Amino acid sequence: MTVHDIESPATVFAAPFAFRDIGDGCVVTNPAGQFAFLALEELAAFVEGRLDEHSDAYARLDGRNFIRKSLDTEDLANRIAKRRAYLRQGPWQHDLLVTLRHPGTRALAAGYDRGHDATDADMSAGTAEHCVDLALLSTAPAVTLVFRGGEPLLSFDVMRHAVEYANDRNDAIRKDLGISLVSDLSAMDDEKLDWLVRNKVHVVAAVDGPAPVHDQLHSLGSRSAYAETARWIGRLREAGLEHVDATFALTRHALGHADEIIDSYRELGIRSMMVELIPPELASGHGAPREEALGLYLELVDRMLAGAKQGQELAERLASVLLSRILQQHDPNYLGLRSPAGGGTGGLVYGHDGTVYPSEHGRRAHLDGDDLFVLGDVEHSGYDGILRHETVSAMLVASMLEANPGCALCAYQPYCGVLPDENHRLQGSLHGRVRDSYRARILVNIQDHLFRLIRDADPAVMAVLKRWSAPDEHRHFVV
Ligand code: SF4
């Protein structure tokens with residue numbers, strides 16, 4: 001049978017739920033993200049209200065807020081509130097673009113980076129202080145300053161000043177203050193390395209594959225950009241910074257190289273990486289078509305799982321975020337996958353000149369001539385003025401999956417998220433058209449894959465999935 005054979009849904013038997021056919025049966029989920037697996041015949045009996053109370057399927061659904069007569073609305077409400085706890089906080093991630101300069105070129109930032117000598121593209125120390133002041137005004141109890149570029153290490157003095165200023169100010173404010181650096185490490189030297197290690201900065205290295213792949217996206221003249229990044233990751237680890245995380249931009253150059261990609265991360269001692277899904281229209285000619293990108297993503301995850309079963313720990317962060325929500329009912333508050341979206345209410349981006357945006361997409365849109373995402377400036381706009389900006393409100397409304405026609409009936413809604421800023425850049429509206437969205441169409445298949453793994457319940461695989469889903473040793477997922 002298929003789900004289309006279900007004829008007469010009963011209105012009084014099942015509590016609100018959604019389902020998805022994942023092959024050999026389906027997964028049903030409720031608004032709190034509780035789930036169960038059913039054969040299609042069991043789904044039909046459930047929907048039509050004729051499920052035998054003594055059946056295995058009934059036992060799988062009962063006690064999980066799927067059966068209307070045993071629905072515990074207080075439990076359901078508590079679970080939803082816990083899942084959305086981030087809504088009671090405020091912006092925790094504050095990205096300071098301390099420079100737009102880069103010592104070489106980054107293909108995926110073409111048109112946004114500036115050359116090595118463009119010192120007018122550096123943030124001033126005064127602007128950095130204003131950024132810190134705004135960040136520490138956040139209602140979030142934990143705040144992370146994320147330094148980005150360009151290549152942020154080219155503006156190291158400003159970064160160091162901002163951190164020292166933040167630590168001083170925070171003596172009185174007492175936020176849980178984190179510091180992260182997102183960099184390809186191409187402007188590293190011994191002094192900077194020593195300071196990063198002494199200050200326990202969380203380093204996220206941009207490593208876009210093994211040398212033949214990475215070097216097509218990063219250029220440092222005659223030097224191999226990959227060799228430089230790899231050298232400094234090694235030095236950081238030798239110096240005691242055990243956890244260097246990585247981002248991996250999934251481009252067409254990486255297709256067909258799953259094994260080499262995994263090998264290169266293992267050789268570098270990376271224990272977690274975030275695969276970045278980049279729609280081809282935003283990849284300056286380097287994008288991977290959707291089906292191929294999905295295929296590579298799933299290959300990478302499966303190879304990581306196979307390695308992890310043999311003790312080679314390397315976790316993929318996007319899968320970890322989803323698994324935290326699915327298996328642990330815990331939300332790591334990752335801004336790239338949240339409902340409502342994290343831009344503004346979860347994080348802010350400060351351009352080198354002090355312009356405030358809800359996200360990097362918003363900053364790039366501004367550089368492309370669209371000022372929808374300009375929320376103000378760090379010196380004059382004020383915390384309230386920025387957070388109450390109409391664009392922040394519009395992004396909130398547009399990214400609530402319950403109200404998005406493409407997502408409202410999707411079984412993966414409790415775990416998922418959309419990017420209204422990316423929608424706007426690609427499709428001309430904050431709501432976007434989910435069914436045509438590169439990201440959304442990959443996300444649904446990734447979640448199909450994860451749920452199939454969970455349903456198949458191989459004990460060794462489940463042990464790895466549970467490790468990946470455990471609340472992270474870093475407080476936040478910074479990318
Ligand atoms: S983005 Fe896709 S997978 Fe996510 S909730 Fe919407 S339709 Fe479902």
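The values are calculated or read from the model by the stated rules, or taken from the named source; none is laboratory data. Worth saying up front: this structure is predicted, and the values here are computed from it rather than measured. Don't worry about glycine lacking a Cβ; one is built from the backbone with ideal geometry, like all the others, and counts go over all protein chains shown. Please note that ligands, DNA and RNA were not included when accessible areas were found on the heavy atoms of the full protein model with its side chains. Shrake-Rupley method; radii C 1.70, N 1.55, O 1.52, S 1.80 Å.
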Roughly how many percent of the accessible protein surface of segment 214-258 is carbon and sulfur, given a 1.4 Å probe and a whole-percent answer?
46
Sequence-separation-based contact order of the chain, relative, with Cα cut under 8 Å and 6+ spacing, percent:
15
Fully extended contour minus Cα-Cα distance, from Asn78 to Asp5, at 0.36 nm per residue:
22.8 nm
Tell me, in nm to one decimal, what length is gained between Ala403 and Glu41 on full extension, where the rule is 0.36 nm per residue of separation less the Cα-Cα distance?
127.3 nm
Helical contribution to [θ] at 222 nm, DSSP H n ≥ 4, -39,500 (n - 2.57), averaged over the chain, rounded to 500:
-11500 deg cm²/dmol
Between Ile173 and Glu291, what FRET efficiency comes out of the Förster formula 1/(1 + (r/R0)^6) with R0 = 41 Å and r the beta carbon distance, rounded to 0.05?
0.25
Can you give me the solvent accessible area of Cys410 with a 1.4 Å probe, rounded to the nearest 10 Å²?
40
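Of all the accessible heavy-atom surface of segment 36-100, with the other protein chains kept in place and a 1.4 Å probe, what percent is carbon and sulfur?
46
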Stretchable slack from Arg435 to Asp24, in nm (0.36 nm times residue separation minus alpha-carbon distance)
145.6 nm
Segment 107-149 and segment 207-243 have their Cα centres apart by a whole-number Å value of 23
Can you give the % of DSSP beta bridges in the chain that are antiparallel, to the nearest 5?
35
Under 28 Å between C-alpha atoms, the lysine pairs in the chain lying 8 or more places apart or on different chains count 8
Take the Cβ-Cβ distance between Glu313 and Ala142 as r, set R0 to 35 Å, and report the resulting FRET efficiency rounded to the nearest 0.05.
0.85
Need one number: nm distance between label points at Asp189 and Ala110, each 7 Å from Cα along Cα→Cβ, rounded to one decimal.
3.1
Surface accessible to a 1.4 Å probe, per residue, for the residues of the chain, Å²
40
What's the carbon and sulfur percent of segment 370-440's accessible surface, probe 1.4 angstrom, rounded to a whole number?
54
Filtered GluC sites (Glu not before Pro), segment 239-330: DSSP coil and at most 12 other beta carbons within 10 Å:
Glu242
Once you order the gyration tensor axes a ≥ b ≥ c over the Cα atoms, which shape class does segment 332-438 get: rounded for a/c under 1.5, otherwise prolate or oblate by comparing a/b with b/c?
prolate
Can you compute the radius of gyration and Dmax for the chain, using only the Cα atoms, both in Å?
23.0, 74
For a label point 7 angstrom out from the Cα of Arg455 toward its Cβ, which stretches of segment 4-44 have the backbone nitrogen within less than 16 Å?
4, 18-30, 35-44
